1. What part of the accessible area of the chain, given as a whole %, is carbon or sulfur when the probe is 1.4 angstrom?
2. Within the stretch 58-77, find all residues whose amide N lies under 11 Å from a label point positioned 7 Å from the Cα of Gln116 along Cα-to-beta-carbon.
3. Can you give the extra length, in nm with one decimal, that the chain gains between Asp17 and Leu127 once fully stretched, where that is 0.36 nm per residue apart less the Cα-Cα distance?
4. Whose amide H sits under 5 Å from the amide H of Trp102, counting only residues 5 or more places off or on another chain, with H placed in the peptide plane?
5. Run the Debye formula on the Cα coordinates of the stretch 57-114, all scatterers equal and no solvent, and tell me log10 I(q)/I(0) at q = 0.16, 0.17, 0.24, 0.31 1/Å.
6. Considering only C-alpha atoms, what is the centroid distance from the stretch 1-54 to the stretch 72-88, in Å?
7. Using just the C-alpha positions of the chain as equal point scatterers, what log10 of I(q)/I(0) does the Debye formula give at each q in 0.19, 0.21 1/Å?
8. Which order do the peptides 113-121, 51-59 take when ranked by the mean count of other beta-carbon atoms within 10 Å per residue, highest first?
Amino acid sequence: MSSHSEYHAAGWRVDHDPRTNRSTLLVGDRISALRAPADFAAHVHHVLAVHLQAGPVLADGADWVLFTQLSPHPEPPSDLPELAAVPAGTRLALPPLNDPRWINPPRMGLAVPAHQVVCSATRRARLVAPLAAA
C-alpha cells in the first residue's frame, strides 16, 4: 500500500506531489496545525494523552506539529507564545505513516483534537514544564 493510500485509509485527505513523490496535506482544508518546540510539545502531547485527547503529532526538525480539527481562528491565543499556527494554505510534506518522525501517526479511529483542546493542554503543560514555557 502506498503512503498516499495509507493516509486515505486513516481518513486524511492528502495529495500526491509528483516532484517529491510524497504525500502532502493542505493545512486549513480539513485540518489545522500548531507548531511548538519539541521539548515543550512532548509535555503538551503527554497532557493530551492522559486525557485521551492525543491526536497525530509529527516531529519536524526542532519542532513538533500538533494537528487539530479545522479552526476558523487557527492562531493560538496571545497567552500561548509556545505555539505557532501553521498558516492556512501551507502544504506540509508528510512522511510515510511508519516513519519515526511520526510521534503519533494518523490512523483510523484516532480523532484529531479540537484546537481549543490543544491550547488548554498547552496551559496545563506549563504546570509540568514551567521552564520550557519561559
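1. Numbers: 4040 of 7080 Å².
Roughly 57 percent, rounded to a whole number.
2. none
3. 35.5 nm
4. Ala59
5. -0.58, -0.65, -1.21, -1.44
6. Measuring centre to centre over Cα atoms gives 17 Å.
7. Normalising to I(0) and taking log10 leaves -1.06, -1.28.
8. Numbers: 113-121: 20.3, 51-59: 18.7.
Put in order of decreasing packing, that is 113-121, 51-59.
The values are calculated or read from the model by the stated rules, or taken from the named source; none is laboratory data. Being a predicted model, the structure only gives us computed values, none of them experimental. Here Cβ is always computed from backbone atoms with ideal geometry, including for glycine, and neighbour counts include all displayed protein chains. Heads up: the accessible areas ignore ligands, DNA and RNA and are worked out on the full protein's heavy atoms, side chains in. Shrake-Rupley method; radii C 1.70, N 1.55, O 1.52, S 1.80 Å.
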